[in-house]
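So the structure is just underneath, and the comments pick up after that.
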Amino acid sequence: MIPKPKEKEIALERVKQLFKEAESVFKKNPERADRYVQLARKIAMKVNLRIPRELKRRFCKHCNCYLKPGINCRVRTKNKKVVYYCRNCKKFMRFVISKK
Ligand SMILES: [Zn+2]
């Protein structure tokens with residue numbers, strides 16, 4: 001089944017909302033923030049939606065945990081790349097810095 005564009009739009013809104021909630025709940029309840037991330041990814045997957053770039057850096061793609069630089073993740077820049085180190089699963093993610 002091919003999802004309708006409208007469904008994608010709704011899904012995107014929900015994904016954004018979930019990340020917002022994850023952000024606000026993270027301090028008090030990091031596990032709940034992780035659950036929001038998982039849920040957001042599930043929603044995105046269901047309609048084949050790509051998670052927006054700015055949100056991709058907010059969670060660990062390996063363990064799906066919500067990432068907060070300085071708290072549960074370390075951010076380094078190296079050769080025009082940003083390297084995120086997840087303290088939860090101890091894996092790295094790399095992003096190319098693009099100027100736009
Ligand atoms: Zn991780």
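Any idea which of Glu31, Glu21, Glu54, Glu13 is of a type in the set (Asp, Glu) and at pLDDT below 95? From the options Glu31, Glu21, Glu54, Glu13, the qualifying one is Glu54. Tallying residues that are open to solvent by 30 Å² or more (accessible area, probe 1.4 Å) and either part of a helix (DSSP H, G or I) or closer than 13 Å to Cys65 by Cβ (or both) within the range 1-12 yields 7.
Can you find, within the range 35-61, the residue that is farthest from the chain's Cα centre (by Cα) among those that are of a type outside the set (A, V, I, L, M, F, W, C) and within 16 Å of the ligand (Cβ to nearest atom)?
So, considering only residues that are of a type outside the set (A, V, I, L, M, F, W, C) and within 16 Å of the ligand (Cβ to nearest atom), the one farthest from the chain's Cα centre (by Cα) is Arg35.
Scanning the range 27-67 for residues that are assigned to a loop (DSSP other than H, G, I, E, B), open to solvent by 90 Å² or more (accessible area, probe 1.4 Å) and closer than 23 Å to Ile10 by Cβ returns Asn48, Arg50.
For the range 62-71, taking the residues that are more than 8 Å from the ligand (Cβ to nearest atom) and either in contact with a strand residue (DSSP E or B) (Cβ under 6 Å, 6 or more places away or on another chain) or of a type in the set (Val, Ile, Thr) (or both), the one that is modelled with the highest pLDDT is identified as Tyr66. Take Val15 and tell me if it is open to solvent by less than 30 Å² (accessible area, probe 1.4 Å) and more than 15 Å from the chain's Cα centre (by Cα). Answer is no for this residue.
Within the range 72-100, the set of residues being open to solvent by 70 Å² or more (accessible area, probe 1.4 Å) and either more than 13 Å from the ligand (Cβ to nearest atom) or closer than 30 Å to Ile10 by Cα (or both) comprises Arg76, Thr77, Lys78, Asn79, Lys80, Lys81, Arg94, Val96, Ile97, Lys99, Lys100.
The values are calculated or read from the model by the stated rules, or taken from the named source; none is laboratory data. Predicted model, so just to flag it, every value in this text is computed and none were measured. Cβ atoms come from the backbone with ideal geometry, glycine included; neighbour counts cover every protein chain shown. We work out accessible area using only protein heavy atoms, side chains counted, and drop any ligands, DNA or RNA first. Shrake-Rupley method; radii C 1.70, N 1.55, O 1.52, S 1.80 Å.
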